1. What length, rounded to one decimal in nm, is gained on full extension from Ile200 through to Phe36, with 0.36 nm per residue of separation minus their alpha-carbon distance?
2. Between helix 71-87 and the chain, what is the angle of the helix's C-alpha long axis to the longest principal axis, kept within 0 to 90° and rounded to the nearest 10?
3. About its Cα centre, how strong a charge dipole does the chain have in debye, to the nearest 20, once Lys and Arg get +1 and Asp and Glu get -1 at the Cβ?
4. If you plug each phi of the range 121-128 into the Karplus form 6.51 cos²θ - 1.76 cosθ + 1.60 with θ = phi - 60°, what whole-Hz ³J(HN,Hα) values come out, in order, with x for Gly and Pro?
5. If each of Leu175 and Leu112 carries a label point 7 Å out from its Cα toward its Cβ, how far apart are those two points in nm?
6. Compute the relative contact order of the range 5-222 as a whole-number percentage, counting only Cα pairs closer than 8 Å that sit 6 or more residues apart in sequence.
7. Once Rg/Rh (Cα atoms, Kirkwood Rh) is worked out from the coordinates, which option in (1) 1.00; (2) 1.05; (3) 0.95 does it equal?
8. Residues of the range 188-225 with amide nitrogen under 20 Å from the 7 Å Cα-to-Cβ point of Lys56?
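Values quoted throughout were computed directly from the atomic coordinates according to the rules given, and no laboratory measurement underlies them. None of these values were measured; they are calculated from a predicted model. Note that each Cβ is placed from the backbone with ideal geometry, even for glycine, and that neighbours are counted across all protein chains shown.
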Amino acid sequence: MMTNLFSIFDPSTNIFNLSINWISTIIGIMFIPYTFWLIPNRSLLLWKFILNNLHKEFKTLLKNNYFNGSTMIFISMFSFVLFNNFLGLFPYIFTSTSHLTLSLSISLPLWLSFMIYGWINNSQHMFIHMIPQGTPNILMPFMVLIETISNIIRPGTLAVRLTANMIAGHLLMTLLSSTGINMPNYLIIFLMMIQILLLILESAVAVIQSYVIAILSTLYSSEVN
């Protein structure tokens, strides 16, 4: 019995006192070599079609900041987050993206690298970006303060957005499933239908959140130059 509703997110699975929860985050690496020797099938062609479209979209967003291979950073991040989001929908598999440990580990290094590169190479542009065009002189100090705060909290908002969305759906499914014990038999089928609909919704959320974190990271990097 759960002592706390949030205990479903506790990394408590272990074998021989060795924590194996976070191993799920690197299982996707095992599937990478398959693309080099498997005969192309429909699922592989669909995945390549998605990645090609993402590459074109990221290339458009980067504009003048585009370098050969620069979109691969954001495509890799999209693939990594998407894989872990979907993996968390399976029973008895630890949802790593529902923890700030992982989401902050993705967003914070990216943001720091953008900031360091921007302030070293384009410090004048970074100062200009703090004051929007047409701002009255009296409001300039406040705009600098607001822009600075909004810039500092960017990695936190990226991480919290991903974590909160993954936690919310899982909590709702857990709450509904825990009520099934006390429900009469004729309502169990209705509850199962709701759970299936929620699972479909969670699958859509898994795709949307991985796309959002990749797009926002691309937009933040395009503001550096």
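1. On the way: separation 164, 0.36 × 164 = 59.04 nm, distance 3.11 nm.
Separation in residues times 0.36 nm, less the Cα-Cα distance, equals 55.9 nm.
2. 20
3. Details: 7 positive and 5 negative charges, 90 e Å.
So the dipole magnitude of the chain works out to roughly 440 debye.
4. 9, 9, 5, 5, 5, 5, 5, 5
5. 3.6
6. On the way: 158 pairs, mean separation 64.5, N = 218.
Reported relative contact order: 30 percent.
7. Given (1) 1.00; (2) 1.05; (3) 0.95, the calculated one carries the label (2).
8. Within reach of a label on Lys56: 211-212, 214-216, 218-219.
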